[in-house]
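Worksheet: one structure, shown below.
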Amino acid sequence: MLDAVPTLYLAIVALFIGFAGLMWSADRFVGGAASIASGFGIKPMIIGLTVVSFGTSAPEIMVSINASLEAAGDMAVGNAIGSNIANIAFVLGATTLVAAIPVQKHLLKNEMPVLLLITGLAGFMLYDGTIVFWEGALLLTLLVPSIWYLIYAKSNELNPAEIEAEEDLPEM
């Protein structure tokens, strides 16, 4: 039992060093992505939907692939579900403790259905206890039109003045 104590302390220290490294590199990553967007005249939303989202998902993808290769499918699924819960509850919750986040109606109209559709489909696939090759291929295939749709919707959205004017119109 006493032999485990130094190992536990070492694991805790490694965890904190890993968090510090992650925070430092995440800051550099987002700064670099913003520079790319600005340098090429690309909207930050498009960089967020592609470069940043895939970059921040890379560690989770590797953990899930490794878990799958080691026949630890529960860990792979738990990682994907836990990551989404953490991104929604922890990230949004912690962010709003710092400052309120204004949410425009078009966000709920465009992005929420995509989130619910992909989440619902994945949940349906999990229902029988196994996600098989074709189901994984379908999820990956749906990623492309989902991102395309979100970019298309974002590029066609109204400017803030038009949105405000549209929201003032009576419902019919």
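A short reminder: the numbers here are calculations on the coordinates, not readings from a lab. These figures come from a predicted structure and were not determined experimentally. Cβ atoms come from the backbone with ideal geometry, glycine included; neighbour counts cover every protein chain shown.
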**Total charge dipole magnitude, the chain, about the Cα centre, Cβ charges on Lys, Arg, Asp, Glu only, Debye to nearest 20** = 400
**Asked** So, in Å, what gap is there between the alpha-carbon centers of region 129-146 and region 1-68?
**Response** 24
**Request:** Pop out the ³J(HN,Hα) list for region 55-61 in order, Karplus 6.51 cos²θ - 1.76 cosθ + 1.60 with θ = phi - 60°, rounded to Hz; leave Gly and Pro as x.
**Result:** x, 6, 8, 4, x, 5, 4
**Request:** Using the Karplus curve 6.51 cos²θ - 1.76 cosθ + 1.60 with θ = phi - 60°, work out ³J(HN,Hα) for each residue of region 74-89 in order, rounded to whole Hz, and write x for Gly and Pro.
**Result:** 4, 5, 4, 5, x, 5, 5, 5, x, 4, 5, 4, 5, 5, 7, 6
**Prompt:** Nearest 10 degrees, 0 to 90: what angle lies between the long axis of helix 4-40 and the longest principal axis of the chain (Cα atoms)?
**Reply:** 30
**Prompt:** Mind listing the phi-derived Karplus ³J(HN,Hα) values for region 96-107, rounded to whole Hz, using 6.51, -1.76 and 1.60 with θ = phi - 60°, and x for any glycine or proline?
**Reply:** 6, 5, 7, 7, 5, 10, x, 10, 8, 4, 5, 5
**Message:** Ignoring everything except DSSP H segments at least 4 long, calculate the 222 nm mean residue ellipticity for the chain; use -39,500 (n - 2.57) per segment, divide by total residues, nearest 500.
**Reply:** -25500 deg cm²/dmol
